[in-house]
Amino acid sequence: MRVLRVPCTGRIDYMMVLKALHKGADGVIVSGCHPNDCHYTSGNYHARRRWMVFKKMMEVMGVDMRRITFSWVSAAEGARWAQLVNEVTDQVRALGPYTEFRQVIGAGIE
Amino acid sequence: MSRIGVFTCHCGENIGATVDCVKVAEMCKDIPGVVHSVEYKYMCSDPGQRQMQEAIKEHKLDGVVVAACSPRMHEPTFRRAAGDAGINPYMCEMANLREHCSWVHEKGEATTQKAADLIRVLVEKVKHNEPLHPIKVPVTRTAMVIGGGVGGIQVALDIANGGHKVVLVEKSPSIGGHMSQLSETFPTLDCSQCILTPRMVEAAQHPNITLMTYSEVEKVDGFIGNFKVTVRKKARKLDEHLCTGCGLCIQKCPNKKISDEFNEGLGTRTAIYVPFPQAVPNKPVIDTLNCTYYKTGKCKVCEKMCPTNAIRFDQEDELVTLDIGAIVLATGFKLMKTDAFPEYGYGKHKDIIDGMQFERLASASGPTSGVMKRPSDGRSPETVVFIACSGSRDRAKGVPYCSKICCMYTAKHAMLYKHKVHSGKAYVFYMDIRAAGKDYDEFVRRAIEEDEVKYIRGRVSKIYEEDGKLIVMGADTLMGGEPVVIKADMVVLATAVQSNDRSEELAQTLHVSYDSYGFFAEAHPKLRPVETNTAGIFLAGACQAPRDIPETVAQASGAAAKVVGLFSNEELTREPIVAVVNRQAAPVYSTCVGCFICQGACPYQAIEQEEIMARSGEVIMTLARINPGLCQGCGTCVATCRTKAIDLQGFSNEQLYAELMTL
Ligand SMILES: Cc1cc2nc3c(=O)[nH]c(=O)nc-3n(C[C@H](O)[C@H](O)[C@H](O)COP(=O)(O)OP(=O)(O)OC[C@H]3O[C@@H](n4cnc5c(N)ncnc54)[C@H](O)[C@@H]3O)c2cc1C
Ligand code: SF4
Ligand code: SF4
């Protein structure tokens, strides 16, 4: 598990998620403050809106959405964060390396 | 070509015990662009920092990666040190080897490899870093304190005495909070009102303090030093300037049987009322839900009585927007109600009361003038059972934490009862006695030894009524769980301290974090106990966790010191982590196409429209521009922009993609 630090989920361009899968990540977690208590007021609403569209599009394109987890965890929820990371890493490990993505879709996003 | 230095820290055993730091430093030497890589036991120590500064000079470094703890801890330290050594502070980044690696993994080859990988990522970022310069923003030197309990009053007084303006917002008609309801206070048994009311009056009279009672915060915009707070002043139905507080209206109000909140339902009040005699301000409010005029359209007795014609039946709530530099939350707590206990009859028995009701019974200003009378029939209770930990430390009740104040106030209650009813018998059921405070254990001892309160270690499983008595069925765990049955006249439940109703809503309005019980979260449990994660917003008292008065007041003074510190500068220096819309040479000017989708996305209204003019004065195009004073650096606009015309300094596309490519 590697962490890429951004100020707010609002900063996340979902291209980054695809790039991570392309560069060898087998799963990606997108996480930040809960809706309504965004540290930056409302950045996470935009992130959520974009996520809904992104998710639909990925489903249409045939991307395995078990590989991408979107979850709200606040800075005061250390235990919840640990649990989430454990669950997701277990799940991704069970799925194995995501080679299909890199073979089929990854070729297009250089 | 970059000349980057990597400094790997052992953090004592914290990193060193799981990650082979020597090897990591060795591995980092092979990263392209890294010209210097060393490890040290404590990079944050003086010699550690000096080592880094010397290396910057000696190896002519233009970028630095410190591989140590979380940037939340030491980023300022290392950036400052790097700045002092002559490079731009923002050319220094931290790789988090502790929280992201050593603390969460076992010792081993893979962990050491991961540590090196984390550094590799940050080295790539630094290669794309740009020198940045801090931004100065003005500070409005007026503080707002939300909540006028003993905590809020103390914060307001300390800031006001520090020479700054304070607005104290209290939602109820008077300041004072829970402390104004207490009879006497542990561990000294001094009268609560006697020590609190001078403070209340001082706050009301202080030239730097503006009281806004019967008011609530509705909206908060802006950021540290520059908040815009909208407060709803609820209609008292009275012109406060005309009212002299004579109280004639209250005497004559025909509607006298309304359950009195201040006396916890043990007494009654009128529809136009002041909550208690020493209320500050001493101006009544009309309770429109219970007022005969609002119910039937007739009455207006108070209006006729008022010698100054101060009553205003048509008064509406008023919204006021204020410029505020810092906010302190001091909204206190609530007590779990007795109806949460099926085993004790769901609050149906009048003589099973909670701790605050007992305070009112014991108080000279209470419904019985301080004489011990049980609520059901007014008889003097001969046997009283006190049950500590009622709801607290009880997962089934959703309160796994200790409420902290009940051990002490239960001892106080038993003592006060014995002082008032000399022949009476007082029993306390407890789980443990937690009396860790100055003179606290001595206080409990006094209850047991001098006032002969009988302490029984064990739980009460059931209480039921029989022939006018409450049958308390418990167990004594120090006697091997032997059943204990006590026929009591009154039972006092020391119910759990909980966060206020709607505290989550308030937290969301202010954008501060809260824990799973609704208490506001501090920025760091040990080192930043009075700050929230949101810059410029601080905490005091029982809104953060259960607290007694000494702790509340200490924390309040701490929060006030933070605010006064903040206000000691005319300008604040802010991190230059802000967004920028690119500008290019004519005739392109920018890749911004002027769609202004970003404007709608920005939570801080930081995006403006800039008109690009030709020499003739004609407007050629309108482009987005970001006001660096308003931008908070969330980056939402960056991800929104369709032409990638915006970038975020410090977290630019170049930087983030460079990191991603190295993952
Ligand atoms: C039965 C009992 C006995 C106690 N006895 C003692 C004792 O003997 N000694 C001792 O040291 N401690 C005692 N305590 C603890 C003491 O009451 C608290 O430590 C103290 O009241 C905490 O002060 P505070 O200002 O944080 O909160 P509070 O006293 O709860 O004050 C909070 C204030 O904020 C206001 N408010 C709430 N929400 C808002 C909002 N959204 N907007 C504006 N205003 C708002 C409330 O109306 C209130 O006035 C006792 C507590 C109880 C329950
Ligand atoms: S979203 Fe992008 S293109 Fe549109 S106005 Fe903003 S900066 Fe310009
Ligand atoms: S980064 Fe963009 S969206 Fe966020 S505050 Fe700054 S201008 Fe607004």
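The values are calculated or read from the model by the stated rules, or taken from the named source; none is laboratory data. All figures in this text were calculated on a predicted structure; none of them were measured in a lab. A quick note on method: Cβ atoms are made from the backbone with ideal geometry, for glycine too, and the neighbour counts reach across all protein chains shown. Accessible surface is based on the protein model in full, side chains and every heavy atom, while ligands, DNA and RNA are left aside. Shrake-Rupley method; radii C 1.70, N 1.55, O 1.52, S 1.80 Å.
To the nearest 0.05, what FRET efficiency results for B:E654 and B:Q605 with a Förster distance of 22 Å applied to their C-beta separation? List each step's numbers first, then the result.
Numbers: r = 27 Å, r/R0 = 1.23.
Efficiency, from the Cβ-Cβ distance: 0.20.
Legend: translational diffusion of chain B by Stokes-Einstein, Rh = Kirkwood radius over C-alpha pairs, 37 °C, 0.692 mPa s; D = 112 µm²/s.
Averaged over the residues of peptide B:656-662, the number of Cβ atoms from other protein chains lying within 10 Å of each residue's Cβ is 5.
Average partner chain C-beta neighbours within 10 Å, per residue of B:101-110? Intermediate results must be reported in sequence, preceding the final value.
On the way: counts 3, 0, 0, 4, 1, 0, 0, 0, 0, 0.
That average works out to 1.
Listed by chain and number, the lysines whose alpha-carbon sits under 18 Å from that of B:K165, ignoring those within fewer than 8 places in the same chain, are B:K228, B:K562.
Our Cα-only numbers for the range B:263-339 put the radius of gyration and Dmax at 16.9, 46 Å. Restricting the GluC sites (Glu not before Pro) of the range B:331-412 to loop positions (DSSP other than H, G, I, E, B) with no more than 16 neighbouring Cβ atoms within 10 Å leaves B:E382. Taking 10 °C and 1.306 mPa s as conditions, the range A:23-84 diffuses translationally at an estimated 123 µm²/s according to Stokes-Einstein applied to its Kirkwood radius (Cα pairs).
Helical runs assigned H by DSSP (4 residues or longer) give the protein assembly as shown a calculated mean residue ellipticity at 222 nm of -8500 deg cm²/dmol, each run adding -39500 (n - 2.57) before division by the residue total.
Only one residue of B:S392, B:G12, B:F313 has its Cα farthest out toward the positive end of the dipole of chain B, where Lys and Arg carry +1 and Asp and Glu -1 on Cβ, and that residue is B:F313. Expressed as a whole percent, the proportion of Cα-Cα pairs in the range B:559-637 lying more than 18 Å apart is 54%. In the assembled protein chains, B:K425 presents an accessible area of approximately 110 Å² (probe radius 1.4 Å). Of the residues B:Q278, B:C249, B:V301, the one whose Cα sits farthest towards the positive end of the charge dipole of the range B:248-305 is B:V301 (charges of +1 on Lys and Arg Cβ, -1 on Asp and Glu Cβ, taken about the Cα centre). Positive contributions from Lys and Arg (+1) and negative ones from Asp and Glu (-1), summed over other residues with Cβ under 13 Å from the Cβ of A:R49, come out at +4. Taking only the C-alpha atoms of the protein assembly as shown, Rg followed by Dmax gives 31.3, 99 Å.
Multiplying the residue separation of B:D117 and B:F596 by 0.36 nm and removing their Cα-Cα distance gives an extension gain of 168.5 nm.
If eta is 0.890 mPa s and T is 25 °C, what Stokes-Einstein diffusion coefficient results for the range B:430-578, Kirkwood Rh from Cα pairs, in µm²/s? Kindly include the intermediate steps, with their values, before the conclusion.
On the way: Rh = 19.6 Å.
In µm²/s, the coefficient is 125.
For the residue pairs B:K334/B:K397; B:K404/B:K462; A:K55/B:K114; B:K337/B:K404; B:K107/B:K526, alpha carbon separations beyond 22 Å are given by B:K404/B:K462; A:K55/B:K114; B:K107/B:K526. Pairs of Cα atoms in the range B:517-663 fall into 10 Å distance bins, from 0 up to the last occupied one, in shares of 10, 27, 23, 21, 13, 5, 1, 0 percent. Annotation: amide H of B:S392 within the under-5 Å range of B:A496, sequence separation 5 or more or interchain, hydrogens built in the peptide plane. Residue ranges B:261-269, B:479-487, B:96-104 sort as B:96-104, B:261-269, B:479-487 when ordered by packing (mean number of other C-beta atoms within 10 Å per residue, highest first).
For a quick protection proxy, order the peptides B:211-224, B:632-645, A:61-74, B:605-618 by their average other-Cβ count within 10 Å, most packed first. Numbers along the way, then the final one.
Numbers: B:211-224: 19.7, B:632-645: 23.7, A:61-74: 16.6, B:605-618: 12.4.
For the peptides B:211-224, B:632-645, A:61-74, B:605-618, the packing ranking is B:632-645, B:211-224, A:61-74, B:605-618.
Normalised by the number of residues in the range B:473-583, the mean separation of alpha-carbon contacts (under 8 Å, six or more apart) gives a relative contact order of 14 percent.
Taking the convex hull of the alpha carbon atoms in the range B:248-305, what volume per residue do you get, in Å³? Walk me through the numbers before you get to the answer.
Numbers: hull volume 4.5 nm³, N = 58.
Hull volume normalised by residue count: 77 Å³.
Debye-formula intensities of the range B:336-498, expressed as log10 I(q)/I(0) at q = 0.11, 0.15, 0.20 Å⁻¹, are -0.39, -0.77, -1.46 (one equal scatterer per alpha-carbon, no solvent). Distance from the C-alpha centroid of the range B:167-217 to that of the range B:4-36: 56 Å, rounded to the whole angstrom. A P(r) calculated from all alpha carbon pairs of the range B:4-128, with 10 Å bins opening at zero, reads 15, 52, 29, 3 percent.
Take peptide A:41-48, look around each residue's Cβ out to 10 angstrom, count Cβ atoms belonging to other protein chains, and average those counts. Don't jump to the answer; show the numbers that get you there.
On the way: counts 12, 7, 11, 3, 3, 9, 3, 0.
Mean shielding count: 6.
Taking 8 Å as the Cα distance limit and 6 or more residues as the minimum spacing, I'd like the relative contact order of chain A as a percentage. Each step should come with its number before you reach the end.
Numbers: 101 pairs, mean separation 39.8, N = 110.
Contact order relative to length: 36 percent.
The value of relative contact order for chain B, using C-alpha pairs under 8 Å at least six residues apart, is 13 percent.
From the alpha carbon centroid of the range A:10-86 to that of the range B:554-613 is 25 Å. Cross-link partners for B:K252 among the lysines, with Cα-Cα distance under 16 Å and sequence neighbours closer than 8 places in the same chain left out: B:K283, B:K298, B:K300, B:K304.
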